[in-house]
Amino acid sequence: MAIANVWNKVSLNIDQVSQLTGVKKTTLRYWEKEFSDYLKPERTGTQRRQYSLEEVEKVSVLKQLIEEEKYKSAGVRLKLGLGSPVSQAEGAPSAPEKPPDG
């Protein structure tokens, strides 16, 4: 139980998260703005980002969806259940349209 409490209190700064995940700091900052309802690192009194292990996992999920599965922002939002995208063109490739009956 004590070990679980320690893990819950671990926090990493943006440099450490960048090194750990392989995601550039500029990209982390962009993702924080783009997916603000999903990725929300805590801030210190001097406004420095402090990522919990849960937030680091979210960075890994975003990296998987964006860099490996090639989703665009709108597709990521749909995949994570964050709301509707602005346009389908921004999302992941969709299934071919059904031809009209006729």
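The values are calculated or read from the model by the stated rules, or taken from the named source; none is laboratory data. Because the structure is a prediction, the values reported are computed rather than measured. Positions of Cβ are backbone-derived with ideal geometry, glycine not excepted, and every protein chain shown enters the neighbour counts.
Within the stretch 1-29, the set of residues being in a strand (DSSP E or B) and modelled with pLDDT of 95 or more comprises Leu12 only. Mind checking whether some residue in the stretch 75-87 is within 15 Å of the chain's Cα centre (by Cα), under 18 Å from Val10 (Cβ atoms), β-branched (Val, Ile, Thr) and at pLDDT 95 or above? Looking for residues that are within 15 Å of the chain's Cα centre (by Cα), under 18 Å from Val10 (Cβ atoms), β-branched (Val, Ile, Thr) and at pLDDT 95 or above, one finds none in the stretch 75-87, hence no. Cβ-Cβ distances below 6 Å connect the following pairs, each with a first residue in the stretch 61-74 that is under 16 Å from Thr21 (Cβ atoms), a second residue that is of a type outside the set (Phe, Trp, Tyr) and part of a loop (DSSP other than H, G, I, E, B), and a separation of six or more residues or different chains: Lys63/Val23.
The residue of the stretch 30-56 that is surrounded by the fewest Cβ atoms within 10 Å (Cβ to Cβ), among those that are part of a loop (DSSP other than H, G, I, E, B) and among the hydroxyl-bearing types (Ser, Thr, Tyr), is Thr46. For first residues located in the stretch 26-38 and within 12 Å of Ile14 (Cβ to Cβ), partners that are of a type in the set (Phe, Trp, Tyr) and lie 6+ apart or on another chain with Cβ distances below 9 Å form the pairs Leu28/Tyr51; Trp31/Tyr38.
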